[in-house]
1. So which of TRP85, TRP76 is crowded, with 22+ Cβ neighbours inside 10 Å, assigned by the TED database to the domain that holds PHE184 and aromatic (Phe, Trp, Tyr)?
2. So which of VAL350, VAL413 is in a loop (DSSP other than H, G, I, E, B), modelled with pLDDT under 65 and closer than 25 Å to GLY137 by Cβ?
3. Looking only at region 229-244, filter to residues that are among the aliphatic types (A, V, I, L, M) and assigned to a strand (DSSP E or B); which one of those is surrounded by the fewest Cβ atoms within 10 Å (Cβ to Cβ)?
4. Within region 191-203, can one find any residue that is out of contact with any strand residue (DSSP E or B) (no Cβ under 9 Å at 6 or more places or on another chain) and surrounded by fewer than 24 Cβ atoms within 10 Å (Cβ to Cβ)?
5. Can you name every one of the strands (runs of 3 or more DSSP E) wholly within region 61-138 that holds 2 or more residues which are under 22 Å from LEU152 (Cβ atoms) and without any contact (Cβ under 8 Å) to a residue 60 or more places away in the chain?
6. Within region 304-321, which residues are of a type in the set (A, V, I, L, M, F, W, C), closer than 17 Å to ASP229 by Cβ and in contact with a Pro (Cβ under 7 Å, 6 or more places away or on another chain)?
7. Would you confirm whether any residue within region 188-197 is of a type outside the set (A, V, I, L, M, F, W, C), at pLDDT 95 or above and over 25 Å from LEU341 (Cβ atoms)?
8. For region 139-163, give me each residue that is assigned to a strand (DSSP E or B) and farther than 17 Å from HIS202 by Cα.
Amino acid sequence: MTVKKFLVQWIIFVCLSVCFCEIVGDDTSFKNFPLKTLEDGSVVRGVRSKTLTEGKLYYSFRGIRYAKPPVGELRWKPPEKAPKWEGVLDATEDGSQCTQFMRVMIAGQEDCLTINVYTPTLEQDNLPVIAWIHDGGFFLGNSSYAYRPPDLILDEHVIFVSFNYRLGVFGFFSTEDLAAPGNFAFKDQVLALRWVQENIHHFGGDPKAVTVFGESAGSSSISYLLQSDSAKGLFRGAIMNSGVGTCLWSLDRRAKLTSQLLGTVLKVDTSDNIKMVEQLRQFDQVQTQIAAAAAQSHVLIDTLAGLTYGPVKEPVHDGAFFYNNTEDNLRNGHFHRVPVLMGTTSNEAVAFGIVTSLLRVIPLQYDKNPKLAAPAGLTDSDADRTAAATDVYSYFFQSRPLSLSNMSDLARVR
């Protein structure tokens, strides 16, 4: 055999080997990193894994954008559907969490509206779907695997969906008028659930078998979704654990005051809400988050008036998510007729026993102004609110002064 002939054969052998390896490698790659095409033609790449509990196979597609980044002119506006993207989106890792305080640091990004799908199959099996809405008091939390791993649910051959929604000042800032009506986080949730309706069949799920599931703020979110016309038909059942729209913390009764204080902290003109909101959009997320924390210091004055930067009653307008009282909606039958499973986390309020030193002034506020022990909005009469507060003192504390040692008594349901 001549050297020339040997080299030709060797080159042919190498080329065939490379081609074979690429074919095998592509097949292996597809099994480990599957591709899925969404309803609008966008393509996502996921990853194959096994549950930590029973070792069952599943595929995850994480960090899929379901809305445009809510930044710039889209801050404090309803979310807009994400456009189709070109190429393949790497959906093998979680997207950024939404902006929030983590201890004393600011974490996350405003550009955070992503959704995750965990499925035990890549076939069209019409599996039931659990759509998880995370907890965190409307100002903390995320939809990452690490925060709330779905392995136990995946073991039951059920699809698990989770998603981020805007938090704190970015999700619930409200001037209580059309300048910034509020509840933007809830509108994120609605858009995410619409994404599920449009796309879950591509991951083996049944859009007619979606159950929403949440704890604490996630549960309260579901309470509001059950009352909102914009969420009609997006789920067939609900599981709610430790949070409803009637919880005192679950409705912000002083959003307008907080918005004015935010404008004051950032030194913008607060005489016109539309102009104020336009100016506030010019500040970056760090400036806004820090100023928002300063603007909510008045929470210590009346802690039962709801969480600052929480759900609000919007003015009636096209696109409003919630504009009535939960009590009135329940009384008038204004809610979606779907099966609901409700539970509670016992002694959840025991966190009062480990509050930071900043919150140690809360008991002093109650003793100084007893009416604060009754809910804000309970009545327009200060005398009636004070009378109700007296009953609270008597029932929970035997009329003793409040202190950190006995505030945990509030956590006990009798």
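1. On the way: TRP85 fails: crowded, with 22+ Cβ neighbours inside 10 Å.
Answer to the check: TRP76.
2. Numbers: VAL350 fails: in a loop (DSSP other than H, G, I, E, B).
Being in a loop (DSSP other than H, G, I, E, B), modelled with pLDDT under 65 and closer than 25 Å to GLY137 by Cβ holds for just one of VAL350, VAL413, which is VAL413.
3. Ranking the candidates gives ILE239 first.
4. Pass one, region 191-203, residues out of contact with any strand residue (DSSP E or B) (no Cβ under 9 Å at 6 or more places or on another chain): none.
Looking through region 191-203, none of the residues is out of contact with any strand residue (DSSP E or B) (no Cβ under 9 Å at 6 or more places or on another chain) and surrounded by fewer than 24 Cβ atoms within 10 Å (Cβ to Cβ).
5. Values: elements: 88-90, 100-102, 105-107, 114-119, 127-133.
Qualifying strands (runs of 3 or more DSSP E): none found.
6. Selection gives ALA320 alone.
7. Our first condition is that a residue be of a type outside the set (A, V, I, L, M, F, W, C); within region 188-197, this holds for 188-189, 194, 197.
With at pLDDT 95 or above added as a condition, the list becomes 188-189, 194, 197.
Remaining after also requiring over 25 Å from LEU341 (Cβ atoms): none.
No, every residue in region 188-197 fails to be of a type outside the set (A, V, I, L, M, F, W, C), at pLDDT 95 or above and over 25 Å from LEU341 (Cβ atoms).
8. PHE163
The values are calculated or read from the model by the stated rules, or taken from the named source; none is laboratory data. Note that this is a predicted model, so its numbers are computed, not measured. Glycine also receives a Cβ, built like all others from the backbone with ideal geometry; neighbour counts cover every protein chain displayed.
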